[in-house]
Every structure is written in structure tokens, then in C-alpha cells.
1. Among (1) over 14 Å from Q107 (Cα atoms); (2) touching a helix residue (DSSP H, G or I) at 6+ places or on another chain (Cβ under 7 Å); (3) buried (at least 18 other Cβ atoms within 10 Å of the Cβ), there is one condition L217 misses while meeting the rest; what is its number?
2. Kindly indicate the residue of the range 70-106 that is charged (D, E, K, R) and assigned to a helix (DSSP H, G or I) and also surrounded by the fewest Cβ atoms within 10 Å (Cβ to Cβ) among those meeting that condition.
3. Please find, within the range 40-60, the residue that is surrounded by the fewest Cβ atoms within 10 Å (Cβ to Cβ) out of those that are among the β-branched types (V, I, T) and part of a helix (DSSP H, G or I).
4. Let me spell it out: the conditions are (1) touching a residue at least 24 places away in the same chain (Cβ under 8 Å); (2) surrounded by fewer than 14 Cβ atoms within 10 Å (Cβ to Cβ), and C171 meets all of them except one. Which number is the exception?
5. Write out, first by first residue and then by second, each pair whose Cβ atoms fall under 7 Å of each other, whose residues are 6+ apart or on separate chains, and whose first residue, in the range 196-211, is touching a residue at least 12 places away in the same chain (Cβ under 8 Å) while the second is acidic (D, E).
6. I'm checking my understanding of the structure. Among residues of the range 126-160 that are at positive phi and not hydrophobic (A, V, I, L, M, F, W, C), which one is surrounded by the fewest Cβ atoms within 10 Å (Cβ to Cβ)?
7. Select from the range 357-369 the residues that are under 22 Å from L108 (Cβ atoms) and touching a residue at least 40 places away in the same chain (Cβ under 8 Å) and list them in ascending order.
8. Considering only the range 143-156, I want to know if a residue exists there that is of a type in the set (F, W, Y) and either more than 22 Å from the chain's Cα centre (by Cα) or within 20 Å of D117 (Cβ to Cβ) (or both).
Amino acid sequence: MELALPGDDHPARRAVHTWIAAHPRPSPRELAEAGYVAPHWPVPWGLGADALSQLVIDDELRRAGIHRPFNQIGIGWAGPTIIHAGTEAQKQRYLPPILTGEEVWCQLFSEPGAGSDLAGLSTRAVRDGDEWVISGQKVWTSFAHIAVFGILLARTDIQAPKHQGISYFICPMKAPGVTVRPIIDMTGDHAFNEVYLDDVRLPSRNLVGAENGGWALAKVTLSNERVSLSGEGSLWGQGPTAADLVDLVRRTGGTHDPVLRQELAKVWGEGEVLRVIRLRTVSATLSGRTPGPEASVGKALADEHGQRVMAAASLVAGARALLADSGPVGDGQADDGQGWRWPDRVWAKGYLFSRALTIGGGTSQVQRNIIAERVLGLPHDVDTEVGRS
């Protein structure tokens, strides 16, 4: 299996390289209009790019220092679900500003009593003429305080089995009855929120897909979420990688500590294994196959790997790791004369944030249950009578 990306003669690489030469500092709208925000999305939203072309485009944008608009949930989760099941009117209304980052999205799924068991959610949606009236509470809602819209799961049939009575809605975050309260994490940052929905009225056109068909769409969203959260960076697809850490140590003189060398070699090797898994998963996704249980394999491995990368960075830092905003080499610089690298504050906060990796987006235990049931074919419930005398 060839693990390297194709060279300069690949058509997608030539095309994006030429485009970047003409747009060295593209605006989000220019990126979106060129199809480079989500190249694998179908035309006219993307380029309908195959897996290899998508990866080549990503590589060229990264080399040029061009960043896609900030809208992780909109681009990675909400958009693909709307493409999959939305009406033409929903696609025309919501997809363009998702791609440009003009309308940031959040995900209104988890509840205080329904996190790992998401299908146990209690938020209700009751039909009232041409509207739905929503009441309930959501929690751990990333970016709700800046989001324009949220993708919302609510129970529309309390008599149906719990997986069959759920519907999927688009919820304006400024709608009357929506209240957002911040949750500050131990890094001091505010990304998470709790959201209260008190008789929020949504027009019937905000229903995505069929009434009571929301669980199937939730699985589409969650599969795309797990692909996104197991991306290249060690912090849910963001931030530095194991290779970044190894390069940083190498460029600053290396280490003579055999235990530390072994740990760095271990996380680098894990990173390469995850890179191959990610290539396979992305290839499947971009070839038109909805991410399945293999996304759980990638996320379960990536979460624990991210924790080990940050722990290894802490070992490299030594006693400096006790200080706020202290990175592995401790000089606080983002540029050491040999190219850009992650600022020290990213490593310091990353170590604290990494504790959340095995919880958010579906705990590691939940991912392993999915793998056991859907990949290995193990039974859903263990027979507690087995083995009793």
C-alpha cells in the first residue's frame, strides 16, 4: 500500500497550486466558491472530489498556510447531514453560509441524563399546527454561545421505542426561549455550554428528514463527528501531532534519556498507525460510503493517543510543565527560525484539555461497545446467568 501522497504531477495538486498562486490570501467566500472548503461535497457546494484529490488539496492548503473557515460542526457534521437528508430549500438556505463560516453551528444532542445513552434523551417536540414547540435542556454544547444555528434532537413520539420516536431539527440559537449558559473548563476556556429550551417554536420547514426518523440521521451526524474528532491533530483533530512533538525535540537537540526516547518513538509509531487508519476512513467517506463502526475504531484509538502525546510533551518539558503556558522547549516562541511550530500555550492547555478526549463525542467505553457489537458481532447484553452454578 502506498502511504505517500502523489507528487506535483497530480491534476488536483496542479489545479489547487495554480489557484493559490492567483489567490495567495483567499477570503472564506473565495475558498467556498472554489470548492476548497469541502472538496468532497457534491457540486455546487464542493467539487465532488475523490478521496485522493481531497487529501492532495488538504496538503496544498496546509503548505500554503491557508486555513478553512472556523465552523467545525457546521462543515463537518451539520452540512453532510443536510446534504444527506435535507430538502432542496434547506440546502440552498444553509449550506452556503456554512461553507463561508458566516453562520457557525453547534450540536444540541447531549443532555444531563442522556450523554452516552443519547437515545434516552427527554427533550420534547410537540406539534402545534405548522410549528413544533420544543422544551428541554442540552449540555456540553460546544460553541453554542457563538452559534447561529444548532442541529437538535428531540422526542416527537413518547409512545414509540426510544430509538424510533426522535426527530431532527434545525434550531436558530437566537429564537425566543433559547437560553445559553457558559461552562468554563479547567483550562480557563469557554467552549462548552448548557442550553435551555423553553417552549421554543420552530416552523415545520426546520424538520430535517422524516418525522420520527431522527435517530438514523443522528447516526450519520455522529459518524461524521467521530471522523472529524479522530483527525490528524492530537486534540480532537486539532492542535499538534506526535510528529510535531518528535520534530520539535529533534530540532532542539534531541534527548539522551532512553526512557523518553522510547516514549517518543512509541507515540510517533501510534501516530503513523492512526494516519493509515485515517486514510482508509477518509477514503471510504469521500467515496460516498457513510462512516460506520470503523469511525469508532479511529476515535477510540485517537483519543487515548492524544492523551499520550500530551503526556510525552509534559515529560519533555520536565519541571517546566508545572508552569502555565510552558511548552516542551519552554521558550514561548512560535517560530524558531526553522519554520512555524505550535506555541507553548497550546501544549500547556492541551495537556489539561486532553483529559476530556476519552469522554467527549462518545466515551471510549461507548466506542468499544460499538466495535464489539457491530464489528465483532458480540451480543448486545451479557447473559449474567452464564457461569453461575
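The values are calculated or read from the model by the stated rules, or taken from the named source; none is laboratory data. Worth saying up front: this structure is predicted, and the values here are computed from it rather than measured. Because the Cβ atoms are built from the backbone with ideal geometry, glycine has one as well, and the counts that use them run over all protein chains shown.
1. Among (1) over 14 Å from Q107 (Cα atoms); (2) touching a helix residue (DSSP H, G or I) at 6+ places or on another chain (Cβ under 7 Å); (3) buried (at least 18 other Cβ atoms within 10 Å of the Cβ), the lone unmet condition for L217 is (1).
2. Looking at residues that are charged (D, E, K, R) and assigned to a helix (DSSP H, G or I), I get E88.
3. Here is the first cut: in the range 40-60, the residues among the β-branched types (V, I, T) are 43, 56-57.
So of that shortlist, the ones also part of a helix (DSSP H, G or I) come out as 56-57.
Numbers: V56: 24, I57: 22.
So the residue we want is I57.
4. (2)
5. The qualifying pairs are R201/E131; L202/E131; P203/D130; P203/E131; S204/D130; S204/E131.
6. As a first pass, look at the range 126-160 and keep what is at positive phi: 129, 136, 140, 143.
Now restrict to residues that are not hydrophobic (A, V, I, L, M, F, W, C): 129, 136.
Working: G129: 7, G136: 22.
Out of the qualifying residues, it is G129.
7. L357, G360, G361, G362, T363, V366, Q367
8. We begin by selecting, within the range 143-156, every residue of a type in the set (F, W, Y); these are 143, 149.
Remaining after also requiring either more than 22 Å from the chain's Cα centre (by Cα) or within 20 Å of D117 (Cβ to Cβ) (or both): none.
Scanning the range 143-156, I find no residue that is of a type in the set (F, W, Y) and either more than 22 Å from the chain's Cα centre (by Cα) or within 20 Å of D117 (Cβ to Cβ) (or both), so the answer is no.
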